[in-house]
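In what follows, a single structure is set out as structure tokens and then discussed.
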Amino acid sequence: QVQLVESGGGLVQAGGSLRLSCAISGSTFLINAMRWYRQAPGKERELVASISNGGSTNYAVSVKGRFTIFRDNDKNTLYLQMLSLKPDDTAIYYCSANTVLRENWGQGTQVTVSS
């Protein structure tokens with residue numbers, strides 16, 4: 001099992017920035033990829049960014065060039081650096097850790113971008 005705890009969300013004005021963190025614990029050796037998802041009110045959960053164990057990254061079109069996903073293995077932490085935030089980025093952000101057994105989820109952190 002892998003445990004995930006997100007932090008770093010909050011209220012920010014449009015154009016501002018935030019850095020989300022996801023603390024990783026448990027059987028981290030099982031993880032083969034990590035992802036950030038978000039879910040806005042009334043909308044389905046969407047994939048925002050992913051990073052493989054080899055460091056390859058992928059981004060949703062809507063955040064490419066503004067968001068950066070990275071992982072510090074020494075600190076067992078996944079990050080999402082978010083720049084030039086827009087009101088449309090308002091959502092609950094979740095980190096996930098993919099293993100051969102299952103997808104593990106954190107509890108989420110709220111990001112609210114005011115116009």
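The values are calculated or read from the model by the stated rules, or taken from the named source; none is laboratory data. What you see is a predicted model; the values in this text were computed from it and never measured. Positions of Cβ are backbone-derived with ideal geometry, glycine not excepted, and every protein chain shown enters the neighbour counts. Calculation scope for accessible area: heavy atoms of the full protein, side chains included, ligands and nucleic acids excluded. Shrake-Rupley method; radii C 1.70, N 1.55, O 1.52, S 1.80 Å.
Scalar couplings 3J(HN,Hα) for segment 60-74, obtained by applying the Karplus form with A = 6.51, B = -1.76, C = 1.60 to θ = phi - 60°, are 5, 4, 5, 10, 4, x, 10, 10, 9, 9, 8, 9, 10, 5, 5 Hz; x denotes Gly and Pro.
Solvent-accessible area per residue in segment 47-115 equals 51 Å², computed with a 1.4 angstrom probe and all protein chains kept.
Rounded to the nearest 20 debye, the dipole magnitude of the chain is 120 debye, with +1 charges on Lys and Arg beta carbons, -1 on Asp and Glu beta carbons, and the Cα centre as origin. Remark on the chain: hydrodynamic radius 14.0 angstrom, per the Kirkwood mean of 1/r across alpha carbon pairs.
Global dimensions of segment 70-113 from alpha-carbon coordinates: Rg and Dmax equal 12.8, 36 Å.
The share of accessible area on the chain that comes from carbon and sulfur is 49 percent, using a 1.4 angstrom probe. The residue among 113, 50, 15 whose Cα reaches farthest toward the positive pole of the charge dipole of the chain, with charges on the beta-carbon of Lys, Arg, Asp and Glu, is 15. For segment 1-66, the equivalent ellipsoid derived from the Cα gyration tensor has semi-axes of 23, 15, 13 Å, listed largest first.
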